Amino acid sequence: MESLPVTVDRSHLIVIGEKLYARSLELVRELVNNAYDADATEVSVEVGDDEVIAQDDGLGMDREGLLRYFQVGVPDKRENPISPKLKRHRIGQFGIGKFATLAACRRFEVFTRRGEFSAKVVFDRDDWERGEGDWRLPMEIDPQPGRKRDGTTVRMTELTKRLDPNAIREHLVESVPLKAPEFAVYVNGLKLVPRSLAGRRIPFLEATPFGVVSGEAVILPASRAATDSLGLEIKVRGVTVRRELFGMQAWGKLVTRVKGEVNADFLPLTADRSNFVVDSAEYAGFLEAMTKVMAEVEAALRQIALRKENRVARRAVVEALGRIEIALRRHPDLSPFGAIPIGDEVEAGGEAALVETPARPDGPEPMVEPSTGDEAAELANELEAPEQSARDASVIEVARDVQPQVRRLTPNAVIQKVRMGATGLACCIDQFGEDGPESFTEGTIVYINRDHPLYRHEAAKRETFTRHLARLLTQELALMNEREDPRRAFQQQSLLLRESFSEED
């Protein structure tokens, strides 16, 4: 039987390296991660105009180690995934990084020492491509000057692509395990420090059939939201492989406030470690675990965003009620509560106590009092107050009938109370669904639906939000005053609105 030889062209290894490593920065990452796998505690990278030198204090290589180093696809790290000295989970898998190095330079030299053995190996691109026969590299034993202690130095010279030290620092901060104990990396003398994020931290730990998914998401303050580098960093053995949004692209602007990292050492990687084998069972299990994590992150983020929205809503409703009260003093016939005596004060609940309302042109400033915290309970108690006039008694009786509605308020409800004469009026902004009414009244409570599309649209515009709330409040007040004649009610609303904002015009 005749057989055919299988050959690989020498230049093909370099071509593979150029295809696998799209950026020269990744070649420096390879050198640092190789040092980590070799149990180095310190790696120094020096970047010059025409050379890059990476030196580590790891275990170094003996003759057998050098032989494996220059073998393509040697299974050593896959068969021995734990380092011998510091018991690290090794990062490298395929052993092609050193050939990819020649995509950025014409020559690289390897100096190494382990115990009594020291050597220098030169990989010259021109000599390699011209060579014939066996694939051999020149090795000099115990070179002078050589290394004096265990470890490895790689020197890339005759650079074909310029490397920026600042860009290398930025890339290494993400792509090497800087948080690992007993491991430090320096670039041109400056020590690299892992990024630290300020904000609300949400740690997570999820089990899968293949291993644990762990990490933390950080919700940044609104002032630190950024549109660059969106998503969570996915790390395998401490090294960032890529960023992923995990569905956050549907969150709108809120996505700019979420950073963090995910650790999943069981994920299978592509040859250049820039992506995952996405059609694997491991990756499917990973995504299932992250679905649970992101649901928790989204709930926390929405809650934080809602607190800010509540503060804005409180300010707006305090101003709207203050303006409406002024208009009712001018036109007591439009008040469903009867004439409002001059000098009455406005009461407010919750965070509105922190808000200063505008001075009135024809009355004292409203006095704002802090809430006890449970605003829904306060509102129910207010409606059950025993000391009321004969006119108010019927109103309060209606309000008692809707007490269950008050108690069903969500914890995020915004409640604002104002005393107009002897009767209290409460404005409650809460969630009643997109298909729910824009506003409605029960007893002396005006409910405003924050889920309504028009509310959400106007709430995003500070300049019109107060007017929008005033429109809804005056609409309900007018209907309370003229239940039998809606047309007359809307005429009264128009007058109230005009009077409420007349000083602005």
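Listed values, structure above:
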item: Some residue of segment 297-310 being assigned to a helix (DSSP H, G or I) and closer than 30 Å to THR423 by Cβ; result: yes
item: Residues being at pLDDT below 90 and either of a type in the set (Phe, Trp, Tyr) or outside any loop (DSSP other than H, G, I, E, B) (or both) - total across segment 174-199; result: 2
item: Subset of segment 287-326 [closer than 30 Å to GLU233 by Cα and at pLDDT below 90]; result: LEU301, ARG302, GLN303, ILE304, ALA305, LEU306, ARG307, LYS308, GLU309
item: Count of segment 244-296 residues which are closer than 17 Å to PHE210 by Cβ, outside any helix (DSSP H, G or I) and touching a strand residue (DSSP E or B) at 6+ places or on another chain (Cβ under 8 Å); result: 10
item: Within segment 226-240, considering residues that are surrounded by 14 or more Cβ atoms within 10 Å (Cβ to Cβ) and farther than 13 Å from GLY215 by Cβ, the one modelled with the highest pLDDT; result: LEU230
item: So ALA119, is it within 30 Å of GLU296 (Cα to Cα) and hydrophobic (A, V, I, L, M, F, W, C); result: no
item: Helices (runs of 4 or more DSSP H) contained in segment 448-505 and holding at least 2 residues closer than 21 Å to THR410 by Cβ and without any contact (Cβ under 8 Å) to a residue 60 or more places away in the chain; result: 453-459, 462-481
item: Considering residues of segment 191-211 that are over 24 Å from GLY60 (Cα atoms) and among the aliphatic types (A, V, I, L, M) only, the residue most open to solvent (accessible area, probe 1.4 Å); result: LEU205
item: Tally, over segment 252-304, of residues that are of a type in the set (Lys, Arg) and more than 30 Å from LEU27 (Cβ to Cβ); result: 4
item: Leading residue by the ranking (modelled with the highest pLDDT) among those in segment 457-503 that are open to solvent by 70 Å² or more (accessible area, probe 1.4 Å) and closer than 16 Å to ARG315 by Cβ; result: ARG467
item: Cβ pairs under 7 Å, 6+ apart, first in segment 80-93 and farther than 22 Å from LEU27 by Cα, second at pLDDT below 90 and surrounded by fewer than 19 Cβ atoms within 10 Å (Cβ to Cβ); result: ILE82/HIS89
item: Unique residue being within 20 Å of the chain's Cα centre (by Cα) and open to solvent by less than 30 Å² (accessible area, probe 1.4 Å) when the list is ALA180, ALA217; result: ALA217
item: Close pairs (8 angstrom Cβ cut-off, 6 or more residues apart or separate chains): without any contact (Cβ under 8 Å) to a residue 24 or more places away in the chain in segment 424-437, assigned to a strand (DSSP E or B) and among the polar types (S, T, N, Q) anywhere; result: ASP430/ASN449; GLN431/ASN449; PHE432/ASN449; GLY433/ASN449; GLY436/ASN449; PRO437/ASN449
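The values are calculated or read from the model by the stated rules, or taken from the named source; none is laboratory data. What you see is a predicted model, and the numbers here were worked out from it, not measured in a lab. Cβ sites come from the backbone with ideal geometry, for glycine too, and all protein chains shown count toward neighbours. For accessibility, only protein heavy atoms count, side chains too; no ligands or nucleic acids. Shrake-Rupley method; radii C 1.70, N 1.55, O 1.52, S 1.80 Å.
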